[in-house]
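Undergrad: If you scroll down you'll find the structure; I have some questions about it.
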Amino acid sequence: MQKHSVTSPARAEQDGGLEELRGDCARMVPHWAVPVEAAPAPVPASLIHGITVPPASARLVGGMSEYGG
């Protein structure tokens with residue numbers, strides 16, 4: 001039994017190829033504009049109840065420079 005890739009070269013050419021897809025996406029960019037919204041206010045820790053974090057997970061996240069240092 002022969003394996004087939006999800007997108008064979010013949011199929012990609014039939015669909016227009018990557019360059020055509022990139023051009024289509026570039027032309028659609030103005031239609032995807034998202035209005036700027038204010039970020040939601042952070043929730044105070046005192047309002048968060050019932051969440052438990054395993055110690056190993058807390059150490060892992062705490063060790064990530066973008067989260068804990």
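Undergrad: Kindly indicate whether any position in segment 38-54 is β-branched (Val, Ile, Thr), at pLDDT below 90 and open to solvent by 100 Å² or more (accessible area, probe 1.4 Å).
TA: yes
Undergrad: If you don't mind, there's one more thing I want to ask. Identify all residues within segment 1-27 that are at pLDDT 55 or above and open to solvent by less than 80 Å² (accessible area, probe 1.4 Å); write none if there are none.
TA: Ser8, Ala10, Gly16, Gly17, Gly23, Asp24, Cys25, Ala26
The values are calculated or read from the model by the stated rules, or taken from the named source; none is laboratory data. Computed from a prediction, not measured in an experiment: that's the story for all the values here. The accessibility values were calculated without ligands, DNA or RNA, using every heavy atom of the protein model including side chains. Shrake-Rupley method; radii C 1.70, N 1.55, O 1.52, S 1.80 Å.
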